[in-house]
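See below for the structure under consideration.
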Amino acid sequence: MADSQAEVPLTTQAGMGTDSQHTQVGDSGASLRHLPSNPNHWYAVRPAADLKGEPQAIELWDQALVIYRDQAGVAHALEDVCPHRLVKLSHGRVEGGHLVCTYHGWQFDAQGACVAIPYLQPEQRIPACRVRSYPVREQDGFIWVFPGDPALADQVTPLPIPEWHGLKYLGSWALIDTATHFSYLIENLMDMHHGYLHSHYQPWGEARLETVNRDTNQVIARYQAQCFFTVDQIWSMAQLFLPALRQPHPETLTVRYAYPHWIASLGEDFKLYCLLVPAGRHRTRAYFLHFTSLHRFPKLHTLPVWFRRWIKGLFSGTARNLLEGLVREDMVMIEEEQRMHDTQPQRRGREVNPTLTHVQNLIRTQAGR
Ligand code: FES
Ligand SMILES: [Fe+2]
């Protein structure tokens, strides 16, 4: 998948199907389901288009942050607490490029320093108070925040999503907001045998795991599957609405846990991303992105750019209902897993897909356990 499939040395390769690879879901589960996400990565906290005039509150592993844009439209992130009376800065507004607390009007700059107090007496000084600021980038349609050690922020980059602006792709996305630990969501996404759950929508079926590879930063699983959608005609998008047009055909389905995010390709026609935002132990948000490739229509790409942009805009969002339907079905399952874990943490399921063992080990590695 484009940049995200750039080859990384892989150190482990597992086959499949032997008894030794049968694992218990929730092995050491009491700790796995509590592990924090590694903060030293970039997290996509909002679609860039959704951050306009008003500050917005976000959560990143129980850290409360506020994001906002200054006068020049540049996005910033601060700790979401006013050092005066400890209320949320996200209730405030932006004035003159500063974030202004709604309670008494104290003002903060992009570095988190208090720079003005409107009722300060001439003999008084602004107290030396500052809230934490976070590295922020705007890339590929999203606001990305780095919640870890700021000194490490330049050593990694936000996940590239070249399809977001690329004119050879049509995109759709859906929001995931689930009362679960992020491990349940990524396990769901990496175990493509759960196409059974989605038989109504027919995104894929009969997945058969071929290989799973892992290194310290990622797990890659390749499946052979039956795919029901093909983009070989300009009207292929109608398959999204008309099941009678769909024909099963074999495709390679590749899913990659590129910590902390997920990337997938279904044949050459579809690319997907899930940008995970672990908000806390029992809450995960994520942006689920779907891109349909138009590479089979070379004549289309010789047309004027303005026209291709118009086409992209016209058909963007076409797959949203499908995505939201898939997300609804998945959320029912993983929230039930979470509830069962909360009420009976000692109880463990049985697992036959070795991919999940690698996924759980990667979560532990990244959490430093
Ligand atoms: S609580 Fe923020 S200005 Fe007073
Ligand atoms: Fe699913």
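The values are calculated or read from the model by the stated rules, or taken from the named source; none is laboratory data. Note that the coordinates shown come from a computational prediction; the quantities given were computed from them, not determined experimentally. Cβ placement follows ideal geometry from the backbone for every residue including glycine, while neighbour counts extend to all protein chains displayed.
Here are the numbers for the structure shown:
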| item | result |
| --- | --- |
| Hey, Q107 more than 23 Å from V277 (Cα to Cα) and surrounded by 14 or more Cβ atoms within 10 Å (Cβ to Cβ) or not | yes |
| The listed residue being at positive phi and either within 16 Å of ligand 2 (Cβ to nearest atom) or not charged (D, E, K, R) (or both), out of G148, G112, G166 | G112 |
| Per-region count, region 8-61, residues acidic (D, E), surrounded by fewer than 16 Cβ atoms within 10 Å (Cβ to Cβ) and at pLDDT 85 or above | 2 |
| Filter pass, P83 being near ligand 1 (Cβ under 9 Å from one of its atoms) and part of a loop (DSSP other than H, G, I, E, B) | yes |
| Enumeration of residues in region 325-339 that are modelled with pLDDT under 95 and either touching a Cys at 6+ places or on another chain (Cβ under 6 Å) or under 15 Å from H181 (Cβ atoms) (or both) | none |
| Any chance A49 is out of contact with any strand residue (DSSP E or B) (no Cβ under 8 Å at 6 or more places or on another chain), over 19 Å from T284 (Cβ atoms) and in contact (Cβ under 8 Å) with a residue 40 or more places away in the chain | yes |
| Qualifying position, being among the hydroxyl-bearing types (S, T, Y), within 16 Å of ligand 2 (Cβ to nearest atom) and part of a loop (DSSP other than H, G, I, E, B), among T102, T157, T180 | T180 |
| Neighbours by Cβ (under 6 Å, 6+ apart or cross-chain): first from region 279-300, touching a residue at least 40 places away in the same chain (Cβ under 8 Å); second outside any loop (DSSP other than H, G, I, E, B) and of a type in the set (S, T, Y) | T284/T178; L289/Y273; H290/S172; F291/Y169; S293/Y169 |
